[in-house]
Amino acid sequence: MAPSAVSVESGVASPDLGSLPRSLTTTFDDTLRFYLNGTRVVLDDIDPEITLLEYLRGIGLTGTKLGCGEGGCGACTVVVSQFNPTTNKIYHASVNACLAPLVSVDGKHVITVEGIGNVKKPHPAQERVAKGNGSQCGFCTPGIVMSLYALLRNNDSPSEHDVEEAFDGNLCRCTGYRPILDAAHTFTKKAPAACGNSKANGGNGCCMEGGGGGCGGANKNGDDQPIKRFMPPGFIAYNPETELIFPPALKKQEFRPLSFGNKRKRWFRPTKLEQLLEIKKVYPDAKIIGGSTETQIEIKFKAFQFPISVFVGDIPELRQYSFKENHIEVGGNITLTDLENVCQEAIRHYGEKRGQIFNAIYKQLKYFAGRQIRNVGTPAGNLVTASPISDLNPVLLAADAVLVAKSLGDDGIVETKIPMAQFFTGYRRTALPQDAILAAIRVPLTLENNELFRAYKQAKRKDDDIAIVTSAFRVRLNEDGIVDQCNLVYGGMAPATVAAKTANSYLLGKKFAEQETLEGVMNALERDFNLSFSVPGGMATYRKSLAIGLFYRFYHEFMLILGSNADKEAVPELEREISTGQEDKEAASAYLQETVGKSNPHLAALKQVTGEAQYTDDIPPLKNELYGCLVLSTKAHAKLLSVDASAALDIPGVVKYIDKNDMPNAAANHWGAPHYQEVFFAEDTIYTAGQPIGLIVATSAARAAEGARAVKVKYEELPAIYTIEEAIEKESFFDFFREIKKGDTKEGFENSDYVFSGVARMGGQEHFYLETNATLAIPKHEDGEMEIISSTQNPNEAQAYAARVLDVAANKIVVKVKRLGGGFGGKETRSVQLSSIIALAAQKTGRPVRCMLTREEDMVTSGQRHPFLGRWKMGVNKDGKIQALEVDIFSNGGWCWDLSAAVCERAMTHSDNCYNIPNMHVTGRICKTNTMSNTAFRGFGGPQGMFIAESYMNEVADRLGMPVERFREINLYKPGERTHFNQELNDWHVPLMWEQIMKEAEYESRREAIAKYNAEHKWRKRGLAIIPTKFGISFTALWFNQAGALVHIYHDGSVLVAHGGTEMGQGLHTKMTQIAAQALNVPLENVFISETATNTVANASATAASASSDLNGYAIYNACQQLNERLAPYREKLGPDATMKDIAHAAYFDRVNLSAQGFYKTPEIGYTWGENKGKMFFYFTQGVAVAEVEIDTLTGTWTCLRADIKMDVGQSINPAIDYGQIQGAFVQGLGLFTMEESLWMRYGPMAGNLFTRGPGTYKIPGFRDIPQQWNVSLLKGVEWKELRTIQRSRGVGEPPLFMGSAVFFAIRDALKAARAQYGVKAKVGAEGGEDDGLLRLESPATPERIRLACVDPIVERARVLPKEGEKSFFIAI
């Protein structure tokens, strides 16, 4: 769950935590004993405040990563093997180490990624992910490997469904997931009689599973042998017998009650219920902790203190269950994973009809959080947390479950039964007595007949997402079909889980199977949930429509069961199939060379999958090292009245407070060329929430964070601007205006049959690289030297600004980058803020200083993709030929310049996408707002410009009554034509790829099939879209288009390459070593790139703009050519069989220089704004994508059924790397256009602050959001006559991202069908107006926006309109 936006008071520490009171009769041990990677560990000096992750990283096991700190990304996944008291078996649980308290591993076996294999001897799971191209930046990879490992340890023959489910708690921002799944599927076996509907494969049930006859969907092998799992050739075979055993000593280890702590905090770990109740009696305020999935978030993000904490996960009595005649009794502390299995066992025991409630619980748990959370989370924890959006609580309330609380009285254990209807007393409040614990839950059964129980959940994303609305419905009928019992319960509709009182009251006693009853209940639900437009949580119309729509679904399922007239199409929920995909493996065969053109895996992949790859924060602590924590503003716009750090400096361990006064001069506090408007530390005015005010430096990260919280800041608030629309209204702009003119738009409009206008709007996007910004600054104590190790895409700029704030020359600063855990543009400039501040702290303290931002800090400080708004006006003829276009483009730059000017310029140059518009006028403005400064993000304005283009193409096509694919095709550029910025299109292959993919994707036949499907389905609609893209490759700032390289050849023939680019997962180093190996004619393994550093290659441009392979590749090639010239006589002399070792040795003794510096600058380019002259880009990377989606219009849920992508990347240097970039970019684009939504708080003490500041509230695509069928190919069989890049390759990092919009426009296509069903269509020839029937869809197309774009009677009756002056709860910029 994401950090709360509301400040809550923390608990107060007890004064006597160092000793135990005499009233506790239990004898407690104070020593932890567990196994770690097969080795026994005994700890008796334990810090009670650290997590398992902090312990592991503290002892050097840094393969386990910190990605979010809230259990939402899976980067910290480890396996904890333990004897499970529920099942009496050994279970290997994947666990989020960032949440697990250290006390929880006593008596267990902790296995980290280092414990299962290494580079020399990897585990099969590690090897297959690495060699299957499943690791790019590698930061998420250890966690993904450990989730796969946990699956294999518990089930060495998993089904395909098991594999996809195993990763539901893991995120990856780089790969697009497809290669990871392909690698994992090599471990699967299919059962001989399993059909697609089998529960084993994730379906609703196969006929044979119920004991029926033969299944038509079964595999017919003629024998009972399972289908053999696929074993890739040359891979290590998986043998479960060779795995780490569960230590025999742990089987015998007695679980002893534990107690340890210090004066700040004390832990208890009872092993019996009586011990727990005694602790609770002595310490009524003690925090009871099962899985710590909520508690650790409260500690980390809300600064709660729980001086007395009791871990209850090792009390067997609380983890039992029993089947009774009319109910199941489940221990309150059974894990949710075990509860899933108990529910399935209960269904088998009682049958489907009597076990409906357990089916509902199982269904809700299936999509509750990730497996790592379900492995430790408990139903008792879920209940006492009292979340209003709990997935489980509505089910228990609707079922009339009874909770059993226990406490210790004077005469022994006191048992109290609490009906669920009486349990929730308000927001996050319950009726549980303070000295009691929730011991058990009694869940009743349903009747054999005439009773239906169902549960539903709607969220932004299917897997691992908090609910928007949850519900559970129970209705029981008598023999006459009259409702004699009912309970309709909702979560997400009120401050607590609530029953719909009016609806329940109305429904009771009514004849169920009558239309009047349905209508009456829906009317009653409207009264029960009469939400205001500004309701907390927002989405008033959507939530209200879900409340009604989910009951509508339930009602018609019951009608179907009763054999009455039902709307049967409303009943089934949208499910997805197991995903599959294909790549054209022969794409490079025509130009394959010895090294270049081969699909070599990422060179660091094996290091990444084994946890050996080192990132910035993995560097071992240095002597006297300090830790920094930023003091950030909490106001969006304010005068800074005072800052008082005295309380922070009184905290033991806090060393210093640093702010603007520590700068060598006033100018040094300013940065961001060319304007130098941004400040490292706030001065007199705060311009955005999250702006750095100062830095606390302390002896540990925890003390630094505590110190930062203690700094007192006083503000005088000022009016703030957030959105583009507000900025336009208040004329808040940066001093920036650009325009591009081609032809005469006035004449073009006059000669057009129609003139249409419209507005395109899209939101921003958080980078969500898995590794947050991190820096380690090491002062050298001579001449002001400083070494800075930073997770930056821009070492040169990090060096320049560090020199500025330290008041030394740049030659005294060395910036080094080994690798980044993802960047995507977010670490191009924004990383400089942190590295400069930390460098200053290191100088002022004279000690090394380290800082790795938390996910929350990173998201509120680092900026996002720019939101854009485009106002367009188009002249077009009846035949579909565009005559003229005017576009006014506005971007939200945030509070300072950053790279907003260049981003806006690129958006303007891409606002034509692939369409020839003879008369065009584009203008660009940057809005100045009070959000964090928006910055570079993969695509750098290109996707925003192309989205505006495809929006006007769609809307104009609808107004012409023309299929949009036909409208696009009519206006596609032809080879040799010129863009609106006057650049000729050479090697133009979009029309060819359009033609090819139309055939390969069977577009026309699928279009017909979709039309038929939509005509036959009321609540399900499918859509199809084909989207082209062209992306200009070059920095638009001319001076950045240069690169240097340094190549050394050593005596032994090995080659060391240094270049200015940084490795952030895109495979740059892999491609560069291939180029060097090919150029020098040596084996690939002879070439090595260690790191990127400013003292080996100076003045390097940022790794950005998809140009790094072009620039650095040619610089390396240039250096190699120099060396080849010097070595040519020795090659000739020693013959063709001579090795590089022989050649280098001979040259060395002749005193030949075996080092060469290479250089390259992009030729021909140079554009002049205003004159519209010159070549803007060196070339264009091109592509075409087709996507098909299906939407559930009742809820707004969607799935991508199929995507086909064809890219022109020239002659690929490494097809495997390029496919990875295409897939990763496509999924990132899919997220941008369909689910990733940044929201700000409008009201309360945190008004103006970012709300979506972690994976709990900000959703990127997961494993089960990718296309179900996904085909990717590279253009082949053509000549690239004009392409003069290294190896004739094209840049590929950014261009594929926009093709993810094909999913957005397919959703729009499906929505058109949904609206047409109710007579709402765009009026042909209409030039606008509220009633023109045109669908105007903003990006992202979230489930909420999809549902609200529908016009069916349910959503229409649910619409909530704002009162005068009323605004929504959240701000979407």
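Tell me which of these Asp662 doesn't satisfy, since it passes every other one: (1) crowded, with 23+ Cβ neighbours inside 10 Å; (2) touching a helix residue (DSSP H, G or I) at 6+ places or on another chain (Cβ under 7 Å); (3) farther than 30 Å from Trp1039 by Cα.
Among (1) crowded, with 23+ Cβ neighbours inside 10 Å; (2) touching a helix residue (DSSP H, G or I) at 6+ places or on another chain (Cβ under 7 Å); (3) farther than 30 Å from Trp1039 by Cα, Asp662 violates only (1).
Tally the residues that are in contact (Cβ under 8 Å) with a residue 60 or more places away in the chain, farther than 9 Å from Leu403 by Cβ and either open to solvent by 40 Å² or more (accessible area, probe 1.4 Å) or part of a helix (DSSP H, G or I) (or both), restricting the search to segment 430-448.
4
Can you tell me which residue within segment 136-181, out of those that are more than 17 Å from Ser94 (Cβ to Cβ) and in contact with a Cys (Cβ under 8 Å, 6 or more places away or on another chain), is surrounded by the fewest Cβ atoms within 10 Å (Cβ to Cβ)?
Looking at residues that are more than 17 Å from Ser94 (Cβ to Cβ) and in contact with a Cys (Cβ under 8 Å, 6 or more places away or on another chain), I get Arg173.
State which residue pairs qualify: first residue touching a residue at least 12 places away in the same chain (Cβ under 8 Å) and inside segment 611-622, second residue open to solvent by 60 Å² or more (accessible area, probe 1.4 Å) in any location, beta carbons under 7 Å apart, and separation of 6 or more residues or different chains.
Glu612/Asn118; Ala613/Lys607; Gln614/Lys818
What residue, of Gly537, Gly509, is farther than 26 Å from Ser564 by Cβ and open to solvent by 10 Å² or more (accessible area, probe 1.4 Å)?
Criteria check complete, one pass: Gly537.
Here's a check for you: in segment 543-571, which residue that is of a type outside the set (A, V, I, L, M) and under 28 Å from the mean Cα position of the chain (by Cα) is surrounded by the most Cβ atoms within 10 Å (Cβ to Cβ)?
Going through the qualifying residues, I end up with Ser545.
Hey, any hits in segment 1129-1143 for a residue that's loosely packed, with under 14 Cβ neighbours inside 10 Å, at pLDDT 95 or above and in a helix (DSSP H, G or I)?
Within segment 1129-1143, one or more residues are loosely packed, with under 14 Cβ neighbours inside 10 Å, at pLDDT 95 or above and in a helix (DSSP H, G or I).
Conditions tested, residue by residue: (1) open to solvent by 10 Å² or more (accessible area, probe 1.4 Å); (2) touching a Phe, Trp or Tyr at 6+ places or on another chain (Cβ under 9 Å).
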residue: Val1186; (1), (2): no, yes
residue: Arg1202; (1), (2): yes, yes
residue: Tyr1219; (1), (2): no, no
residue: Leu1230; (1), (2): no, yes
residue: Gly1248; (1), (2): no, yes
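Within segment 859-875, which residues are open to solvent by less than 10 Å² (accessible area, probe 1.4 Å), in contact with a Ser or Thr (Cβ under 6 Å, 6 or more places away or on another chain) and more than 17 Å from Asn930 (Cα to Cα)?
The one that is open to solvent by less than 10 Å² (accessible area, probe 1.4 Å), in contact with a Ser or Thr (Cβ under 6 Å, 6 or more places away or on another chain) and more than 17 Å from Asn930 (Cα to Cα): Gly875.
Of the numbered conditions (1) in a strand (DSSP E or B); (2) open to solvent by 50 Å² or more (accessible area, probe 1.4 Å); (3) out of contact with any Leu (no Cβ under 8 Å at 6 or more places or on another chain), Tyr490 fails exactly one; give the number of that condition.
Single failed check for Tyr490: (2).
What number of residues in segment 322-364 are open to solvent by less than 30 Å² (accessible area, probe 1.4 Å) and either among the aromatic types (Phe, Trp, Tyr) or modelled with pLDDT under 95 (or both)?
The total comes to 2.
Against the condition modelled with pLDDT of 95 or more, touching a strand residue (DSSP E or B) at 6+ places or on another chain (Cβ under 8 Å) and within 27 Å of Met852 (Cα to Cα), how does Gln677 come out, does it pass?
Answer is no for this residue.
Of all residues in segment 1287-1312, which are closer than 11 Å to Ile1222 by Cα, of a type in the set (A, V, I, L, M) and in contact with a strand residue (DSSP E or B) (Cβ under 8 Å, 6 or more places away or on another chain)?
Hits for segment 1287-1312 are Val1292, Met1299.
Is it the case that Lys816 is open to solvent by 10 Å² or more (accessible area, probe 1.4 Å) and within 25 Å of Ser1106 (Cβ to Cβ)?
It is true that Lys816 is open to solvent by 10 Å² or more (accessible area, probe 1.4 Å) and within 25 Å of Ser1106 (Cβ to Cβ).
Mind checking whether some residue in segment 748-761 is touching a His at 6+ places or on another chain (Cβ under 8 Å), surrounded by 19 or more Cβ atoms within 10 Å (Cβ to Cβ) and not charged (D, E, K, R)?
Among the residues of segment 748-761, not one is touching a His at 6+ places or on another chain (Cβ under 8 Å), surrounded by 19 or more Cβ atoms within 10 Å (Cβ to Cβ) and not charged (D, E, K, R), which makes the answer no.
Based on what the data block shows, is Thr1103 of a type outside the set (Lys, Arg), in contact (Cβ under 8 Å) with a residue 24 or more places away in the chain, buried (at least 23 other Cβ atoms within 10 Å of the Cβ) and assigned to a loop (DSSP other than H, G, I, E, B)?
When the stated conditions are applied, Thr1103 passes them.
Hey, which of the strands (runs of 3 or more DSSP E) in segment 278-388, taking only ones fully inside, have at least 2 residues that are of a type outside the set (Val, Ile, Thr) and closer than 25 Å to Thr416 by Cα?
Filter on segment 278-388 gives 308-311, 321-323, 327-331.
Write out, first by first residue and then by second, each pair whose Cβ atoms fall under 6 Å of each other, whose residues are 6+ apart or on separate chains, and whose first residue, in segment 512-528, is at pLDDT 95 or above while the second is not in a helix (DSSP H, G or I).
Phe512/Leu477; Phe512/Gly481; Phe512/Val483; Ala513/Gly481; Ala513/Ser564; Thr517/Lys510; Leu525/Ala500; Asp528/Ala500
Inspect all residues belonging to segment 722-729 and state whether any of them is at pLDDT 95 or above, of a type outside the set (Lys, Arg) and farther than 16 Å from Lys928 by Cα.
no
Give segment 764-803 a look and list any residue that's acidic (Asp, Glu) and not in a loop (DSSP other than H, G, I, E, B), or say none.
Passing the criteria: Glu787, Glu797.
Just to be sure I understand, how many residues within segment 1067-1100 are of a type outside the set (Gly, Ala, Ser), within 32 Å of the chain's Cα centre (by Cα) and either more than 19 Å from Ala605 (Cβ to Cβ) or open to solvent by less than 10 Å² (accessible area, probe 1.4 Å) (or both)?
Here the count works out to 7.
Restricting attention to strands (runs of 3 or more DSSP E) lying wholly within segment 950-1066, give those where 3 or more residues are touching an Asp or Glu at 6+ places or on another chain (Cβ under 8 Å) and crowded, with 17+ Cβ neighbours inside 10 Å.
It comes to 1020-1033.
Can you pull out every residue in segment 854-908 that is of a type in the set (Val, Ile, Thr), assigned to a strand (DSSP E or B) and out of contact with any Leu (no Cβ under 9 Å at 6 or more places or on another chain)?
Within segment 854-908, Ile882, Val887 qualify.
Does segment 694-715 contain any residue that is open to solvent by less than 10 Å² (accessible area, probe 1.4 Å), touching a Lys or Arg at 6+ places or on another chain (Cβ under 7 Å) and not hydrophobic (A, V, I, L, M, F, W, C)?
No: zero hits.
Kindly list, by first and then second residue, each pair from a residue in segment 131-149 that is of a type in the set (Asp, Glu) to a residue that is not in a loop (DSSP other than H, G, I, E, B), limited to pairs with Cβ atoms under 6 Å and residues at least 6 apart or on different chains.
From segment 131-149, no pairs qualify.
So which residues in segment 385-405 are at pLDDT 95 or above and surrounded by fewer than 24 Cβ atoms within 10 Å (Cβ to Cβ), if there are any at all?
Across segment 385-405, the qualifying residues are Asp400, Val402, Val404, Ala405.
Check whether at least one residue in segment 264-277 is farther than 30 Å from Gly1254 by Cβ, touching a residue at least 40 places away in the same chain (Cβ under 8 Å) and in contact with a helix residue (DSSP H, G or I) (Cβ under 6 Å, 6 or more places away or on another chain), and report yes or no.
Yes, segment 264-277 has at least one match.
The values are calculated or read from the model by the stated rules, or taken from the named source; none is laboratory data. Quantities reported herein were computed from a predicted structural model and do not represent experimental measurements. For neighbour counting, all protein chains shown are included, and Cβ atoms are generated from backbone atoms with ideal geometry for every residue, glycine included. Areas reflect the complete protein model, heavy atoms only, side chains present, ligands, DNA and RNA absent. Shrake-Rupley method; radii C 1.70, N 1.55, O 1.52, S 1.80 Å.
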